[in-house]
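Below is one structure, written out as structure tokens, with a few remarks after it.
What follows is calculated from the coordinates using simple rules that are stated; it is not laboratory data. For clarity, every value in this text was computed on a predicted model and none was experimentally measured. Using ideal geometry, Cβ is built from the backbone for each residue, glycine included, and neighbour counts are taken over all protein chains shown.
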Amino acid sequence: MAKIQGLDKLKKKLRELPDDVKDAIEPALLKGANEIADLQRALAPRITGELVNSITVHTPETTEDGSRRVSIEAEAFYADWVERGRRKYNGEDANPYFWPGYRLAKKKAQARIKRAISAAAKRSFNQ
């Protein structure tokens, strides 16, 4: 799993924000997740199209600690085999698409979310 630096600090700040601010962040979360998923779809091999079509963005949910989370999943049963390869079983090399797509689009998505948090917090506290 990927480790995001400063995530604990961000989670603490999110817990302290009012619910209307958290709701205002949701569009930025979804847009960032969709951009990451689009890049992953572009990088995924297109033999039958099943793998590309199985990459989905799930609805944002609130975690136990009060932060919001959006998940992206490749639901095809063989998605992990494509990502990591199956050389051990039948000689197929890895064709990474999921994590490279995440790493390429992560900073842009994080910046969008930070801007949304700042803007929402300013609106909330200036009212």
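What's the longest bit of the chain with no exposed GluC sites (Glu not before Pro), using DSSP loop states and at most 12 other Cβ atoms within 10 Å as the test?
Maximal segment without exposed cleavage sites: 1-63.
Could you list log10 I(q)/I(0) for the chain at q = 0.09, 0.13, 0.14, 0.23 Å⁻¹, which the Debye formula gives when each Cα is one point scatterer?
-0.32, -0.61, -0.68, -1.33
Can you compute the FRET efficiency between R86 and N53 using 1/(1 + (r/R0)^6), with r the Cβ-Cβ distance and R0 = 30 Å? Round to the nearest 0.05.
The pair R86/N53 has a calculated efficiency of 0.90.
Using +1 on the beta carbon of Lys and Arg, -1 on that of Asp and Glu, and nothing else charged, what's the dipole of the chain about the Cα centre, debye to 20?
Computed charge dipole of the chain: roughly 740 debye.
Which of the trypsin sites (Lys or Arg not before Pro) found in the range 4-74 are in a DSSP loop and have at most 16 neighbouring Cβ atoms, other than their own, within 10 Å?
Those that pass, being in a loop and sparsely packed, are R46.
Compute the helix-to-body angle for 19-43: its Cα long axis versus the longest principal axis of the chain, expressed 0 to 90° and rounded to tens.
20
Have a look at P96, A116, L29 and report the one farthest towards the positive end of the charge dipole of the range 18-125, computed about the Cα centre with Cβ charges (Lys/Arg +1, Asp/Glu -1).
The listed residue farthest towards the positive side: A116.
Quote the relative contact order of the chain in percent (integer), defining contacts as alpha-carbon pairs under 8 Å separated by 6+ residues. Intermediate results must be reported in sequence, preceding the final value.
Details: 157 pairs, mean separation 39.6, N = 127.
RCO, the chain: 31 percent.
Please identify the longest segment of the chain free of exposed chymotrypsin sites (Phe, Trp or Tyr not before Pro), where exposed means a DSSP state other than H, G, I, E or B and no more than 16 other Cβ atoms within 10 Å. Don't skip to the answer; put the middle values down first.
Values: sites that count: F77, Y78.
Looking at the chain, 1-76 is the longest stretch - no exposed chymotrypsin sites (Phe, Trp or Tyr not before Pro) with at most 16 other Cβ atoms within 10 Å.
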